[in-house]
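Novice: Structure below; questions to follow.
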Amino acid sequence: MDIYRHPTFDMACEQFDLVADRLEIGQVERERVKYPKRALVVAVPVRMDDGRVQVFSGYRVQHHLSLGPTKGGLRFHPDVTLGEVAALAMWMSWKCALTGLPYGGAKGGVACDPRALSIGELERLTRRFTQELISFIGPQIDIPAPDVGTNEQTMAWIMDTYSNHHGHSVPGVVTGKPVNLGGSLGRREATGRGVGYLVGRAMDVLGMETRDSTVVVQGYGNVGSVAAASLAKHGAKILAVSDAFGGVFNAQGLDLNALNEHVEKTRSVVGFAGADAITNAQLLELKCDVLIPAALERQITAENAPRIQCRILAEGANGPTTPDADLILDQRPEIFVIPDILANAGGVVVSYFEWVQDLQSFFWTEAEVVDKLFRILETAFTQTTGYAKQNKVSMRMAALTLGIKRVWEAKKQRGLFP
Ligand code: NAD
């Protein structure tokens, strides 16, 4: 499958092959479980504010269709490629299977810099991209959600474009919408809140306390900021946070309210008065109790893994740790890893709740959402720690094995058509 060639896709395949070896999945079945079912690449012409027409590349990959419709985020970022999206779709499959959701994985995106586009250009880009995808998505086919560079407004435009095409409102076509349009209470906070919950559970296992623990977050976006807030609420000290432009550090702990005001005004953490500047590379190596990479893939590598100084590595981002780095972390039992497909699963779990609420036109309270979210995460955490302990494997190997095994079994049970 050379069309997907990309370092992140190779990394996802490498992780898969390790599990497939463990489960002794035969060669033919291995390919069937591993490779994406289908992918769409589209040219997205957009009229820019100055009258020019610029053509952007858009992608959507649906990894497998064996357990239900596909589900996964849409990323607007300059580095989006088919291979990156395919890797992210594959991880979504294992994540949905690990948490018992009736979905295959998907992912999509547009190679663009959303910060360099006006709001009008962003809306036209989103609507045209949706139009190009129109027969490829739908509540029973594939349901996009926010990811890096997209948000509730993006989902509202997609829902509106899709609904206009069908002649009636179809809220179930996307999740992560504004609550007013059929979004779920607690969806925006779900991923970060889930990270916070699972860090708490890891601390229980390790005999640690959240109060006065120290936390470092790479990527102060949706996931990172909510994870930081949920741990701070329980008394943790947030030592450092960063974004694509740099980081800020305060050994006494950052004042998150003041920091959020600064980010609101300047759209970056950089220049925050209550802290010193720090680079993203330095931030990852800070001594802390909890390190939360919540930005992009391949941040913890064989190069910096020996110098990471945390007790808990909670992967808010998808694929932040390379397989080479994993080999090093496997030799460092003092670091408890909460792997991405478990750590950030809160987002897709509440997206599932949103989809269910939309299909039934019956909406839940935030307390119901959070209670059901924590129950699902608790089960996935218990199963993963249990499997890791019983089989003497890493938490990543345990989580991936549980997820991949379910997809493999579903394919065997359904058989081969025709
Ligand atoms: P976001 O766009 O809200 O935030 C991303 C943050 O990362 C921004 O602050 C950005 O400036 C920063 N960033 C980008 N490049 C960086 C770099 N090279 N170094 C440091 N910081 C950088 O996106 P998000 O939704 O918070 O997603 C973050 C990660 O979490 C991604 O890996 C995404 O796939 C994953 N994730 C998101 C969700 C969700 O519900 N949003 C769910 C599961 C996983």
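The values are calculated or read from the model by the stated rules, or taken from the named source; none is laboratory data. Quick caveat: nothing in here was measured; it's all calculated off a predicted structure. Cβ coordinates were reconstructed from backbone atoms using ideal geometry, including for glycine residues, and neighbour counts include every protein chain displayed. Only protein heavy atoms, including side chains, enter the accessible area calculation; ligands, DNA and RNA are left aside. Shrake-Rupley method; radii C 1.70, N 1.55, O 1.52, S 1.80 Å.
Novice: Give me the residue from the range 128-158 that is away from the ligand (no atom under 16 Å from the Cβ), under 21 Å from the mean Cα position of the chain (by Cα) and of a type in the set (A, V, I, L, M) and, out of that set, most open to solvent (accessible area, probe 1.4 Å).
Specialist: Ranking the candidates gives 141 first.
Novice: Another question, then. For the range 330-348, name all the residues that are in contact with a strand residue (DSSP E or B) (Cβ under 7 Å, 6 or more places away or on another chain), in contact (Cβ under 8 Å) with a residue 60 or more places away in the chain and surrounded by fewer than 22 Cβ atoms within 10 Å (Cβ to Cβ).
Specialist: Within the range 330-348, just 336 meets the criteria.
Novice: A further question follows. Taking the conditions exactly as written (more than 18 Å from the chain's Cα centre (by Cα), open to solvent by 40 Å² or more (accessible area, probe 1.4 Å) and within 16 Å of the ligand (Cβ to nearest atom)), does residue 115 satisfy them or not?
Specialist: yes
Novice: Taking the options 136, 129, name whichever one is hydrophobic (A, V, I, L, M, F, W, C) and assigned to a loop (DSSP other than H, G, I, E, B).
Specialist: 136
This table checks each residue for (1) in contact (Cβ under 8 Å) with a residue 24 or more places away in the chain; (2) buried (at least 22 other Cβ atoms within 10 Å of the Cβ); (3) within 14 Å of the ligand (Cβ to nearest atom).
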site: 279; (1), (2), (3): yes, no, yes
site: 283; (1), (2), (3): yes, yes, yes
site: 289; (1), (2), (3): yes, yes, no
site: 296; (1), (2), (3): yes, no, yes
site: 350; (1), (2), (3): yes, yes, yes
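Novice: Here are the criteria: (1) closer than 28 Å to residue 85 by Cα; (2) surrounded by fewer than 17 Cβ atoms within 10 Å (Cβ to Cβ); (3) among the hydrophobic types (A, V, I, L, M, F, W, C); (4) touching a helix residue (DSSP H, G or I) at 6+ places or on another chain (Cβ under 8 Å). Tell me which single one residue 273 does not satisfy.
Specialist: (1)
Novice: Related question: Name the single residue that is farthest from residue 376 (Cα to Cα) among those in the range 198-225 being within 14 Å of the ligand (Cβ to nearest atom) and surrounded by fewer than 24 Cβ atoms within 10 Å (Cβ to Cβ).
Specialist: 221
Novice: Something else: Out of the range 301-320, which residues are within 12 Å of the ligand (Cβ to nearest atom) and either in a strand (DSSP E or B) or out of contact with any strand residue (DSSP E or B) (no Cβ under 7 Å at 6 or more places or on another chain) (or both)?
Specialist: Selection gives 314, 318, 319.
Novice: So residue 162 fits all but one of (1) more than 12 Å from the ligand (Cβ to nearest atom); (2) farther than 23 Å from residue 63 by Cβ; (3) in a helix (DSSP H, G or I); (4) of a type outside the set (Asp, Glu); what number is the exception?
Specialist: Answer for residue 162: the failing condition is (2).
Novice: I need a count of the residues in the range 352-380 that are open to solvent by less than 20 Å² (accessible area, probe 1.4 Å) and either among the hydroxyl-bearing types (Ser, Thr, Tyr) or away from the ligand (no atom under 16 Å from the Cβ) (or both).
Specialist: Residues in the range 352-380 being open to solvent by less than 20 Å² (accessible area, probe 1.4 Å) and either among the hydroxyl-bearing types (Ser, Thr, Tyr) or away from the ligand (no atom under 16 Å from the Cβ) (or both): 2 in total.
Novice: Can you confirm whether the range 315-327 contains a residue that is within 30 Å of residue 248 (Cα to Cα), among the hydroxyl-bearing types (Ser, Thr, Tyr) and in contact with a helix residue (DSSP H, G or I) (Cβ under 8 Å, 6 or more places away or on another chain)?
Specialist: Yes: the range 315-327 contains one or more residues that are within 30 Å of residue 248 (Cα to Cα), among the hydroxyl-bearing types (Ser, Thr, Tyr) and in contact with a helix residue (DSSP H, G or I) (Cβ under 8 Å, 6 or more places away or on another chain).
Novice: Name the residues in the range 235-252 that are in contact (Cβ under 8 Å) with a residue 24 or more places away in the chain, of a type in the set (Gly, Ala, Ser) and surrounded by fewer than 24 Cβ atoms within 10 Å (Cβ to Cβ), would you?
Specialist: Passing the criteria: 235, 244, 246.
Novice: Is it fair to say residue 232 is closer than 18 Å to residue 329 by Cα, modelled with pLDDT of 95 or more and buried (at least 19 other Cβ atoms within 10 Å of the Cβ)?
Specialist: no
Novice: Scan 55, 110, 85, 33 and give me the residue that is of a type in the set (A, V, I, L, M, F, W, C), farther than 20 Å from residue 344 by Cα and within 14 Å of the ligand (Cβ to nearest atom).
Specialist: 110
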